[in-house]
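Asker: Below are the structure tokens for one structure; questions will follow.
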Amino acid sequence: MKKKKWAATLAVSVAIAMASALGAGVAAAKGAPAPANASSRGDFGPPQGEPIHAILTSPPNVPAALNRKFPAKVIVELEVIEKEMPISEGVTYTFWTFGGTVPGSFIRIRQGDTVEFHLKNNPNSKMPHNIDLHGVTGPGGGAASSFTAPGHESQFTFKALNQGLYVYHCATAPVGMHVGNGMYGLLLVEPPEGLSPVDHEYYVMQGDFYTTGKYREKGHQPFNMENAIDEKPTYVLFNGAEGALTGDKALTAKTNESVRMFVGNGGPNLVSSFHVIGEIFDKVRYEGGTHEQENVQTTLIPAGGAVMVEFHTQVPGSYILVDHSIFRAFNKGALAILKVDGPEDKSIYSGKEVDAVYLGDRSAPNLAAVTEAAKAAQSGTLTLEDQVKAGGALFNGTCSVCHQPTGAGLPNVFPPLAKSDYLAADPKRAIGILLHGLTGKVIVNGSEFNSVMPPMNQLNDDEVANILTYVLNSWGNPGGRISAEDVSKVRAAPAPAAAAAKPEH
Amino acid sequence: MLRAATAVLCMAAFTLPAAAADYVTVPGGSYSSVLPPDGKFAPAVVAAFRLRTLPVTNGEFLDFVRANPQWARFRIASLFADGQYLSHWAGPLSLGGAGRNQPVTHVSWFAAEAYCESEQARLPTWYEFEYAAASDESHADARGDEAWREHILDWYSRPSTTALPDVGSTPKNFYGVYDMHGLIWEWVGDYAGLMISGDNRDQGDPDLLKFCGAGALSTQDRENYAILMRVAMLSALKAADTTANLGFRCAKGATGDGS
């Protein structure tokens with residue numbers, strides 16, 4: 001009863017609030033001449049000068065700023081290509097692309113430009129395609145005017161009335177399948193004065209993919225319509241493939257540089273919670289619009305939407321781009337890396353200063369094996385079994401986050417420890433890696449890795465020995481034992497130069 | 001003797017190809033089309049008809065062009081075919097690398113219709129095609145079978161960068177017809193009446209319904225993407241268009257004439 005009354009009061013007060021808001025709006029409109037709306041402000045008259053052929057770029061590159069002071073006629077030529085490409089290591093998928101890449105070519109124009117758009121459909125295509133550019137004012141965003149059979153070309157023209165960052169995509173039936181196969185990209189309509197200059201501009205776009213086989217199931221994987229309708233993606237990816245922006249293909253910057261990312265979300269289904277681990281966005285032009293939000297940790301990007309984020313790099317290291325719906329990052333591939341090189345700034349970030357053992361109540365049962373092994377080591381009765389048990393418990397607490405509980409690692413990011421030829425080649429080398437860390441290129445089981453493992457020198461000699469003994473006796477590795485004495489010798493020796501963290505060039 | 005025979009043949013408007021093609025009778029019936037005749041739920045009704053068991057091949061079409069040179073590449077009126085017409089052949093009257101038993105592609109609707117007339121036949125209607133294409137090897141209507149649908153979609157989702165297989169390379173369906181899926185796109189006689197918009201998403205648009213009435217895309221079975229994609233492909237085309245994987249087969253009335 002009480003509740004009902006409250007609801008009624010609320011309804012009344014909402015109605016009053018709405019009325020007054022409307023009233024205020026009317027008053028404002030009466031007081032001043034009606035301002036032109038954003039899109040009519042964007043018509044700067046007929047195009048001037050010679051027609052310009054737009055320069056399109058493949059992701060993650062962005063065409064240079066236009067620095068043009070007048071509206072022009074811009075000719076855009078975009079080709080639809082259906083092609084098989086890797087979606088993950090050892091997994092291929094038939095992508096339908098704008099310009100041969102996923103996401104499609106980046107298009108950069110200026111507000112007020114008149115764009116003559118040519119959509120070509122490669123003769124080898126099986127499907128008809130079209131394009132809906134969210135930056136177009138007109139029915140379908142160009143879709144009905146650009147419906148193109150294989151081996152044909154369509155043309156239509158539009159004036160870019162609104163500035164902003166816009167998604168474009170294919171809208172041919174079945175739309176979800178065309179989008180799900182990678183048919184999307186970004187169109188930037190620069191404001192007349194351009195965007196503020198920055199040191200780096202990058203193009204990143206998220207998409208969800210639906211295959212018949214499971215995540216990372218090898219071979220060619222066809223599109224699965226049922227999973228797409230159920231919105232259960234197999235992959236969630238930045239730039240169309242697992243590893244598209246990691247390892248050698250990671251985005252790069254130096255310390256003390258400004259970075260702008262044009263980040264889109266093609267969908268077809270998921271909304272992205274875009275986040276860069278260890279960075280705070282100084283500015284976010286959310287939803288690709290005109291207004292700026294400042295000091296943002298995670299920004300939402302709707303399916304069929306985009307965002308411009310800017311930040312300044314201060315501390316060197318690897319910054320991981322994720323969809324913070326976090327299982328997508330670690331179990332479906334939504335992970336990219338920005339590698340920042342330069343001198344450390346300890347006043348901003350110290351690195352680890354204190355690492356002491358803290359055994360809460362919960363750790364007692366988990367680490368019982370560790371305690372037992374420590375006792376056995378002291379009494380000189382330590383067995384291989386003790387070491388493996390203790391090492392397993394320590395591994396799960398310290399190493400499994402990156403190398404995974406199965407020792408499989410993460411392709412292109414964290415090397416595998418399972419059946420590792422790198423480990424087998426020189427088991428004692430691993431002691432130095434734990435104590436001193438490892439930076440730079442290594443080849444493990446035929447794949448190249450180029451990332452940073454921090455030193456694990458908080459572990460004592462017993463612990464290092466047990467972890468390595470566990471690893472050597474697990475997952476098809478050759479077996480063997482590492483003793484605390486082995487570890488102590490390596491710890492006493494100076495760190496080898498190659499293992500010292502140093503910036504790469 | 002040979003020359004005389006050729007002259008005689010050329011006098012006829014269209015001539016029979018050397019070997020008569022196989023047709024089978026598809027019994028009539030009614031079924032739920034993705035394009036219901038009333039735009040809502042009414043079933044499509046198909047009278048019994050005869051359908052070519054195989055798509056027309058390069059070899060058969062070459063024989064037709066030899067007999068009817070007005071349909072040869074470079075001689076055909078530009079109104080009837082685009083610049084890519086039969087461009088996969090070595091020359092206007094020679095196949096070169098194009099296999100005799102591969103389905104003919106790069107043919108326009110006009111050329112396909114003319115060929116069928118030479119067999120005293122016509123192109124099938126959309127309803128005839130959709131009806132006969134709904135079957136798998138053992139069921140007249142297999143459209144509820146998810147695995148079957150996925151199989152069709154798998155073909156659609158691969159680009160055609162490799163040579164086409166010969167006709168008859170897919171299993172015979174319920175009616176004894178081959179290659180209704182998994183080989184090529186096929187023209188239908190009334191393809192121009194498939195008024196789906198270039199923009200698939202404006203279903204229910206009042207402007208569109210005004211012009212297109214029942215033909216506007218209002219699908220009975222929104223999950224039947226496999227057949228929808230065929231509609232989308234056909235509606236992207238003009239009658240003179242040709243593509244690398246678009247061919248045809250012919251149909252006749254139940255009594256065997258071209259009605």
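Asker: Being more than 14 Å from chain B (Cβ to nearest Cβ), over 24 Å from A:GLY176 (Cα atoms), touching an Asp or Glu at 6+ places or on another chain (Cβ under 8 Å) and open to solvent by 10 Å² or more (accessible area, probe 1.4 Å) is true for just one of A:ILE109, A:ILE75. Which residue is that?
Answerer: A:ILE75
Asker: Would you confirm, using the coordinates I've provided, whether A:MET85 is within 14 Å of chain B (Cβ to nearest Cβ) and in a loop (DSSP other than H, G, I, E, B)? Break it down into steps so the answer makes sense when it comes.
Answerer: Details: within 14 Å of chain B (Cβ to nearest Cβ): yes; in a loop (DSSP other than H, G, I, E, B): no.
The answer is no for A:MET85.
Asker: Of the numbered conditions (1) within 14 Å of chain B (Cβ to nearest Cβ); (2) open to solvent by less than 40 Å² (accessible area, probe 1.4 Å); (3) closer than 18 Å to A:GLU89 by Cβ, A:GLY180 fails exactly one; give the number of that condition.
Answerer: So the condition that A:GLY180 fails would be (3).
Asker: Take the residues of segment A:122-142 that are facing chain B (nearest Cβ under 9 Å) and assigned to a strand (DSSP E or B): which is farthest from A:ARG285 (Cα to Cα)?
Answerer: Once the filter is applied, the top-ranked residue is A:HIS129.
Asker: Which one is surrounded by the fewest Cβ atoms within 10 Å (Cβ to Cβ), of the residues in segment A:247-264 that are part of a strand (DSSP E or B) and charged (D, E, K, R)? Before you say what the answer is, go through the steps one by one.
Answerer: Here is the first cut: in segment A:247-264, the ones part of a strand (DSSP E or B) are A:251-254, A:258-264.
Restricting the remaining residues to those that are charged (D, E, K, R) gives A:254, A:260.
Working: A:LYS254: 15, A:ARG260: 20.
The selected residue is A:LYS254.
Asker: Go through (1) among the acidic types (Asp, Glu); (2) part of a loop (DSSP other than H, G, I, E, B); (3) at pLDDT 95 or above and name the single condition B:GLU128 misses.
Answerer: Of the numbered conditions (1) among the acidic types (Asp, Glu); (2) part of a loop (DSSP other than H, G, I, E, B); (3) at pLDDT 95 or above, the odd one out for B:GLU128 is (2).
Asker: For segment A:413-429, state whether one or more residues are touching a helix residue (DSSP H, G or I) at 6+ places or on another chain (Cβ under 7 Å) and in a helix (DSSP H, G or I).
Answerer: The answer is yes; a qualifying residue exists.
Asker: Residues being facing chain A (nearest Cβ under 7 Å), open to solvent by less than 40 Å² (accessible area, probe 1.4 Å) and of a type in the set (Ser, Thr, Tyr): count how many of those fall in segment B:135-168.
Answerer: Adding up the residues that qualify gives 3.
Asker: Keeping to segment A:143-168, report how many residues are more than 14 Å from every other protein chain (Cβ to nearest Cβ), within 13 Å of A:PHE117 (Cα to Cα) and part of a loop (DSSP other than H, G, I, E, B).
Answerer: Adding up the residues that qualify gives 1.
Asker: Still on this structure, please answer the following. Specify which of the listed residues (B:ALA44, B:ALA48, B:ALA72) is at pLDDT 95 or above and in contact with a helix residue (DSSP H, G or I) (Cβ under 6 Å, 6 or more places away or on another chain). Steps first, answer last, please.
Answerer: Values: B:ALA44 fails: at pLDDT 95 or above; B:ALA48 fails: in contact with a helix residue (DSSP H, G or I) (Cβ under 6 Å, 6 or more places away or on another chain).
Checking each option against the conditions leaves just B:ALA72.
Here is a yes/no grid of residues against (1) touching a Leu at 6+ places or on another chain (Cβ under 8 Å); (2) more than 14 Å from every other protein chain (Cβ to nearest Cβ); (3) in a loop (DSSP other than H, G, I, E, B):
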position: B:PHE74; (1), (2), (3): no, yes, yes
position: B:LEU79; (1), (2), (3): no, yes, yes
position: B:ASP82; (1), (2), (3): no, no, yes
position: B:TRP89; (1), (2), (3): yes, yes, yes
position: B:VAL107; (1), (2), (3): yes, no, yes
position: B:ALA114; (1), (2), (3): no, yes, no
position: B:GLU117; (1), (2), (3): no, yes, no
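Asker: Given the criteria surrounded by fewer than 20 Cβ atoms within 10 Å (Cβ to Cβ) and part of a strand (DSSP E or B), does A:ILE337 qualify?
Answerer: no
Asker: State whether the residues of segment A:231-246 include one that is open to solvent by 40 Å² or more (accessible area, probe 1.4 Å) and part of a strand (DSSP E or B).
Answerer: Initially, segment A:231-246 is screened for residues open to solvent by 40 Å² or more (accessible area, probe 1.4 Å), giving A:231-232.
Filter again for part of a strand (DSSP E or B), leaving none.
Scanning segment A:231-246, I find no residue that is open to solvent by 40 Å² or more (accessible area, probe 1.4 Å) and part of a strand (DSSP E or B), so the answer is no.
Asker: Can you tell me how many residues within segment A:101-152 are within 31 Å of the chain's Cα centre (by Cα) and of a type in the set (Asp, Glu)?
Answerer: Summing the residues that are within 31 Å of the chain's Cα centre (by Cα) and of a type in the set (Asp, Glu) in segment A:101-152 gives 1.
Asker: Okay, moving on. Would you confirm whether any residue within segment A:286-293 is among the small types (Gly, Ala, Ser), farther than 17 Å from A:PRO233 by Cβ, more than 14 Å from the chain's Cα centre (by Cα) and part of a strand (DSSP E or B)?
Answerer: No, segment A:286-293 contains no residue that is among the small types (Gly, Ala, Ser), farther than 17 Å from A:PRO233 by Cβ, more than 14 Å from the chain's Cα centre (by Cα) and part of a strand (DSSP E or B).
Asker: Taking only segment A:295-334 into account, find how many residues are among the hydrophobic types (A, V, I, L, M, F, W, C), open to solvent by less than 30 Å² (accessible area, probe 1.4 Å) and under 18 Å from the mean Cα position of the chain (by Cα).
Answerer: Here the count works out to 11.
Asker: Please work out if A:GLU448 is open to solvent by 30 Å² or more (accessible area, probe 1.4 Å) and under 32 Å from the mean Cα position of the chain (by Cα).
Answerer: yes
The values are calculated or read from the model by the stated rules, or taken from the named source; none is laboratory data. Since the structure is predicted, the reported quantities are computational estimates derived from the model, not experimental observations. Note that each Cβ is placed from the backbone with ideal geometry, even for glycine, and that neighbours are counted across all protein chains shown. Ligands, DNA and RNA are excluded from the accessible area calculation, which covers all protein heavy atoms including side chains. Shrake-Rupley method; radii C 1.70, N 1.55, O 1.52, S 1.80 Å.
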